[in-house]
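What follows is a single structure, written as structure tokens, with notes after it.
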Amino acid sequence: MLNTLLFAVLPYVAVVLFLLVSIHRYRKEPFTFSSLSSQFLESRQLFWGSVPFHIGLVLLFFGHLIGFLFPSQVTMWNGVPVRLFILEASGLIAGLLTLVGLVGLIVRRLGSARLRINTSSTDIGVYLVLMVQIVTGLWIALGYRWGSAWYTHTAVPYLWSVARFAPEIERVVELPLVARIHIVGAWTFVGLFSFTRLVHLLVAPVPYLWRPVQLVIWNRERRHRRPGN
Amino acid sequence: MANASAWLSLASTLVLSGTLIGAPIQEAPAPEGPQADPALVDLYVRKCASCHTVGKGARVGPDLKDVDQRRERRWIVDLIREPSKMLDRDPDARKLLQEFNGVRMPDLGLTAEQANGLADLIVLASRYPIDLSPAFVAVTEATAEDVARGRDLFTGRMRQKGGGPSCSACHTVQNAGGFFGGGTLAKELTHSFAVLGDEGLDAALANPSFPLMKDVFADHPLEPDEVFALRAFLNDANRSAGTDPDRLDILIVGLLGTVVVILILNAAWARRLRGVRHAFLPKRGSQS
């Protein structure tokens, strides 16, 4: 019963919430569709959190996505032990980068009074879910290797069965507890997504990657521009 | 329905045997037992034979010969159909579980009709010589090529015909996987040949009934020649096992890699989020 709830019902609740709330929020509160950047409040420590966190998370996202879309090719790649090791080590490095980044972001947020004031309860929820996901993901990578090889024959068929509206929960209910927590955490993440600042992912300024550089330079201190100062 | 037809078939055979006993002695072939339904025999070989025999001794689970004389029909059918429930609730089933080292019979996903049919078949095979063993060639006939092929199948270097995952995705064997080793999701298999024996391993590979493996291989069964090669390899692994070889620790590789990436990011990009103003203010201070 609990398994049905977690692996067959939760996914649909999460996806419906993701779609409906994202659309509603974009239409009704477009200016909240942002990362609510705190760079202006603190930028020195931000590098040590934000950069490894984002690079690691993007790599992990695409790693999982590639396994989901091309399971057969991933299985073929993993057929040679050294290639399997390279893929696993890359995934582990991405996971550790994300962990370093997330810890950096949490330390930064706790250490600055200005940031603490600007931290909402949904931010704390995001940190918690992300931390659970990263810790369980690393635990799987180290304790139940080789995840990239068995993921394509357990979780991937399960995910496709969910996509076909015929969830085959037996594909995952026998996995170790930590892997099941990782899957439930992923659906929780999807469900929470549109209530949080994570929505900035949906409006990421991808063209910035190839647009010409724009330099913004202040050549005077701000107080000189203010009348009366 | 299948139950009734099997009993009817058994009764008619017994009646026929009685008729023959009363008849004059002729040069006729010895009377054969009733024919078992080939579909049921196939089902038994796929689902039951890895753990049970009928009259050939206990294996992973008990010998099923004459089980109908020890247990009630309903108990047998319930155990075949929903072993997990029975093993949780029924005192006799729990006693058997203890007797057989706590190895739980998995739920096989059988219908009531299939469970009844298997119960009939077991009763029939207890009375008449019906062959319920899977086709089997012992690994004593394996060559060095078979062992090498088994190793390649194990590590995934050679893809299985059915498209299943390589064994090393989840299992480790001491002399496979080279410097990197196999997976740790499931049991270490270096001595699996000694534990399960040739026939047990054959059944376990051909029709896996282990929790996760049975669902993974339901869609990607191993071919008989692949099962043979893997048995040959596991036999070799068991015989040649020594001390654990040195493996490259992925945690150390991961930690070193992470430090290197962070250093590269720092060298190439550290100023990115620090704002242009930070750089200008000290310059301005030094000019004034």
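Each reported figure results from applying straightforward, stated rules to the coordinates on display, with no laboratory input. Note that the coordinates shown come from a computational prediction; the quantities given were computed from them, not determined experimentally. Neighbour counts run over all protein chains shown; Cβ positions are idealised from the backbone, glycine included.
How much FRET efficiency would the formula 1/(1 + (r/R0)^6) give for A:TYR127 and A:LEU209, where r is the Cβ-Cβ distance and R0 is 30 Å, rounded to 0.05?
On the way: r = 27 Å, r/R0 = 0.90.
According to the calculation, E is roughly 0.65.
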Using the alpha carbons of the protein assembly as shown, what is the convex hull volume per residue in cubic angstrom, as a whole number?
210 Å³
Separation of the A:LEU69 and B:ARG247 label points, Cα + 7 Å toward Cβ, nm:
3.2 nm
Can you run phi through the Karplus equation (6.51, -1.76, 1.60; θ = phi - 60°) for the stretch B:158-171 and list ³J(HN,Hα) in whole Hz, with x for Gly and Pro?
9, 6, 5, 4, x, x, x, x, 5, 4, 6, 4, 10, 10
Specify which residue in the list A:VAL13, A:TYR158, A:LEU105 is farthest towards the positive end of the charge dipole of the stretch A:2-225, using unit charges on the beta carbon of Lys, Arg (+1) and Asp, Glu (-1), about the Cα centre.
A:LEU105
Efficiency of FRET from Cβ geometry, A:VAL80 and B:LYS161, R₀ 25 Å, rounded to 0.05:
0.85
Cross-link candidates for B:LYS95: which lysines have Cα within less than 28 Å, leaving aside residues fewer than 8 places away along the same chain?
B:LYS47, B:LYS56, B:LYS65, B:LYS85, B:LYS187, B:LYS214
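Computed over the Cα atoms, what is the radius of gyration of the stretch B:105-169 divided by 2.2 N^0.38 Å, N being its residue count? Walk me through the numbers on the way to the answer.
Numbers: Rg = 18.3 Å, N = 65, 2.2 N^0.38 = 10.7 Å.
Rg over 2.2 N^0.38 Å, computed on Cα atoms: 1.70.
Where in chain A lies the longest segment free of chymotrypsin sites (Phe, Trp or Tyr not before Pro) that are both loop residues by DSSP (not H, G, I, E, B) and have at most 14 other Cβ atoms within 10 Å? Write out the running numbers ahead of the final one.
Working: sites that count: A:PHE40, A:PHE165, A:TRP210, A:TRP218.
Result for the longest clean stretch: A:41-164.
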Hey, how many Å between the Cα centroid of the stretch B:155-181 and the Cα centroid of the stretch B:76-132?
33 Å
Using DSSP loop states and a limit of at most 10 other Cβ atoms within 10 Å to flag trypsin sites (Lys or Arg not before Pro), what is the longest stretch of chain A containing no flagged site?
A:1-163
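Given Cβ point charges of +1 (Lys, Arg) and -1 (Asp, Glu) and nothing else, what value in debye, to the nearest 20, does the dipole of the protein assembly as shown about its Cα centre take?
Numbers: 52 positive and 43 negative charges, 1025 e Å.
So the dipole magnitude of the protein assembly as shown works out to roughly 4920 debye.
Evaluate peptide A:78-88: per residue, the Cβ atoms of other protein chains within 10 Å of its Cβ; return the mean as an integer.
5
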Percent breakdown of C-alpha pair distances by 10 Å bin, ordered from the shortest bin, for the stretch A:2-225:
7, 27, 34, 22, 8, 2, 1
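Subtracting the Cα-Cα distance from 0.36 nm times the residue separation, let me have the gained length for B:ARG74 to B:VAL103 in nm, one decimal. Let's see the in-between values first.
Numbers: separation 29, 0.36 × 29 = 10.44 nm, distance 2.24 nm.
Contour length minus Cα-Cα distance gives 8.2 nm.
Could you give the length gained by full extension between B:ASP219 and B:ARG46, i.e. 0.36 nm per residue of separation minus their alpha carbon distance, to one decimal place?
Working: separation 173, 0.36 × 173 = 62.28 nm, distance 1.37 nm.
Between B:ASP219 and B:ARG46, full extension yields an extra 60.9 nm.
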